[in-house]
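The structure appears right after this line, and notes come after that.
The values are calculated or read from the model by the stated rules, or taken from the named source; none is laboratory data. In this text, all values refer to a predicted model and were calculated from it rather than measured experimentally. Don't worry about glycine lacking a Cβ; one is built from the backbone with ideal geometry, like all the others, and counts go over all protein chains shown. SASA here: full protein model, heavy atoms, side chains in, ligands and nucleic acids out. Shrake-Rupley method; radii C 1.70, N 1.55, O 1.52, S 1.80 Å.
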Amino acid sequence: MNYVKRTVAPTVRPVSVDEAKLHFKVTGTDEDANIAIYLDGAITACENKLQTAIMDSRFTLYARSFAQHLDLQKNYVSAINSVKYYDVDGNLTTVSPVNYSVQDFKVPNVLYFNDSYTFPNTDLREFPVEVSFQAGFTSASSVFPNIRNAVFLEVADRYENRQNEVIGERLISVMYNTTAEKMLNEECQYL
């Protein structure tokens, strides 16, 4: 199994604190810090459901070996920054971009090596191949409406329900807004 790690977090949210405040009909700045915390939690919950980044982030895929297709495990891949491998001498070597491309129509997106590319021998370390890539939307205005709406629903639920116990309900039903989940199911790569 290959592993993916977010190496650079996004600098933009799909929904801003001001948009969330407008959604809640909150004025003033007293609640800004709390709303930002709830908003970040809501975004993380939506990303976990989608199993991909919403906003542009940098990731590194650590692969056990070269393969014709490397599953990037994310959607909305906008760029491959580099493909590197440790050769048999332990030197980190870069693969030329002419040897690969992204199949962004597959879900999740896939790095495809050209048929003419001959895979080099690699070091014996567990993950000799590293792929650095960008995934996520580059602006809040480009985020699919269902995803933005799910973030609004999730942050509103967190803001309005500031405790995790509801009499007569199981905890799991409170942890995630089912309407938001339904909206994200339409965009989800793993169902």
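In table form, for the structure just shown:
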{"item": "Given (1) open to solvent by 20 Å² or more (accessible area, probe 1.4 Å); (2) part of a strand (DSSP E or B), index of the condition L70 fails", "result": "(1)"}
{"item": "V155 vs. criteria aliphatic (A, V, I, L, M), open to solvent by less than 20 Å² (accessible area, probe 1.4 Å) and under 19 Å from A20 (Cβ atoms)", "result": "yes"}
{"item": "Test result for A63, under 22 Å from V12 (Cβ atoms), touching a residue at least 60 places away in the same chain (Cβ under 8 Å) and either of a type in the set (A, V, I, L, M, F, W, C) or out of contact with any Gly (no Cβ under 7 Å at 6 or more places or on another chain) (or both)", "result": "no"}
{"item": "Conditions (1) open to solvent by 50 Å² or more (accessible area, probe 1.4 Å); (2) without any contact (Cβ under 8 Å) to a residue 24 or more places away in the chain; (3) not aliphatic (A, V, I, L, M): number failed by D32", "result": "(1)"}
{"item": "Selection status of A63, small (G, A, S), modelled with pLDDT of 95 or more, within 19 Å of Y3 (Cα to Cα) and open to solvent by less than 20 Å² (accessible area, probe 1.4 Å)", "result": "yes"}
{"item": "Enumeration of residues in the stretch 91-100 that are closer than 23 Å to E126 by Cβ and either open to solvent by 30 Å² or more (accessible area, probe 1.4 Å) or without any contact (Cβ under 8 Å) to a residue 12 or more places away in the chain (or both)", "result": "N91, L92, T93, T94"}
{"item": "Residue within the stretch 44-60 that is modelled with pLDDT of 95 or more, among the hydrophobic types (A, V, I, L, M, F, W, C) and out of contact with any Cys (no Cβ under 8 Å at 6 or more places or on another chain) present", "result": "yes"}
{"item": "Restricting the stretch 101-124 to residues that are over 12 Å from S78 (Cα atoms) and charged (D, E, K, R), the residue that is surrounded by the most Cβ atoms within 10 Å (Cβ to Cβ)", "result": "D123"}
{"item": "Any hit, the stretch 94-106, residues being modelled with pLDDT of 90 or more and in a loop (DSSP other than H, G, I, E, B)", "result": "yes"}
